[in-house]
Amino acid sequence: MITEFKKIKKELLKSSQFREEYEKLSSEYQIARMLILARKEAGMTQQEVAERMRTSQSAIARIESGKPVNLRSIERYANATGNRVKIDLVRVASSGSRKTDLNQTGMSRDRE
């Protein structure tokens, strides 16, 4: 069944329109995968995470579904599973863009 899904996905990704829409959603699904992995590594069920967050199991299922979720909910979920949130911005390659680096204070400065 998984092999069949991979074949179908590969075929669908040949379409530029499908690929564009798929890539728009990839960050949301990546967050969901990371949350589920954190819960499983903590050896917890959705119900146990819900209890620590003082919410319902269905709210946890919604958070793990890949639908948009706010940062505060992600932070609460991370805390409930013994983790913390780390956000990393990655520059997308584009022509003619200025290079940016971080100085020792953590503030960015542009380089020509």
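The values are calculated or read from the model by the stated rules, or taken from the named source; none is laboratory data. Bear in mind the structure is a predicted one, so any value in this text is a computation, not a measurement. Because the Cβ atoms are built from the backbone with ideal geometry, glycine has one as well, and the counts that use them run over all protein chains shown.
In table form, for the structure just shown:
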quantity	calculated
Residues of segment 36-54 classified as over 16 Å from residue 76 (Cβ atoms) and not β-branched (Val, Ile, Thr), total	4
Lone qualifier among 24, 9, 14 - being charged (D, E, K, R), under 21 Å from the mean Cα position of the chain (by Cα) and exposed (fewer than 11 other Cβ atoms within 10 Å of the Cβ)	24
Residue check for residue 32: surrounded by 12 or more Cβ atoms within 10 Å (Cβ to Cβ), within 17 Å of residue 78 (Cβ to Cβ) and under 16 Å from the mean Cα position of the chain (by Cα)	yes
Members of segment 38-89 found to be farther than 15 Å from residue 28 by Cα and among the polar types (S, T, N, Q), listed by number	45, 46, 47, 55, 56, 57, 58, 79, 81, 83
Test result for residue 60, surrounded by 13 or more Cβ atoms within 10 Å (Cβ to Cβ), under 28 Å from residue 13 (Cα atoms) and in contact with a helix residue (DSSP H, G or I) (Cβ under 8 Å, 6 or more places away or on another chain)	no
Helices (runs of 4 or more DSSP H) contained in segment 1-110 and holding at least 3 residues at pLDDT below 90	2-12, 16-41
Residue 43 being surrounded by 10 or more Cβ atoms within 10 Å (Cβ to Cβ), on the phi > 0 side of the Ramachandran plot and not basic (Lys, Arg)	no
